[in-house]
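Just so it is clear, none of the values below were taken in a lab; they were calculated from the coordinates. This structure is a prediction, so every number in the text was calculated from the model and none was measured. A quick note on method: Cβ atoms are made from the backbone with ideal geometry, for glycine too, and the neighbour counts reach across all protein chains shown.
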Amino acid sequence: MTENHPEQGPGLLKKAANLGKAVVRHVADGGKHVSDEVYLARLAICADCPSFDPERTSCKQKTCGCRVKNKARWRSENCPLGKWPSPEGA
Ligand code: SF4
């Protein structure tokens, strides 16, 4: 993957487009959330990730830019680098 360790996250328009796609996926998934266990595991992985922006609490990957505390809740979402556990178990 060519987008590891980005210096900055995506620009505003790209973030808005990425969020729009995430919302479409979430709605198509019936608005389902992951369990608390999976949610906390996802957040812990993000906290140790070089792509995590602690000031904005967001992912700096170009295909993301979302606030991870929201994105990590949605079953339809995944880490762009494949670091998160599956939605079924942590
Ligand atoms: S979603 Fe993935 S790439 Fe983004 S901050 Fe979390 S672990 Fe890192």
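Brief remarks on what is shown
- Filtered by the rule that a residue be touching a residue at least 24 places away in the same chain (Cβ under 8 Å) and either part of a strand (DSSP E or B) or surrounded by fewer than 17 Cβ atoms within 10 Å (Cβ to Cβ) (or both), segment 58-80 gives Ser58, Cys59, Thr63, Lys69, Trp74.
- Residue in segment 20-52 that is nearest to the ligand (Cβ to nearest atom), counting only those that are over 19 Å from Ser86 (Cα atoms) and part of a loop (DSSP other than H, G, I, E, B): Ser51
- Some residue of segment 1-14 being surrounded by 14 or more Cβ atoms within 10 Å (Cβ to Cβ) and away from the ligand (no atom under 14 Å from the Cβ): yes
- Cβ separations smaller than 9 Å between residues 6+ apart or across chains give the following pairs from segment 20-39 residues that are within 13 Å of Ala72 (Cα to Cα) to residues that are exposed (fewer than 12 other Cβ atoms within 10 Å of the Cβ): His26/Lys32; Val34/Glu88; Ser35/Glu88; Ser35/Gly89; Glu37/Gly89; Val38/Ser86; Val38/Glu88; Val38/Gly89.
- Among the criteria (1) within 22 Å of Leu12 (Cβ to Cβ); (2) outside any helix (DSSP H, G or I); (3) within 11 Å of the ligand (Cβ to nearest atom), the one Glu55 does not fulfil is (3).
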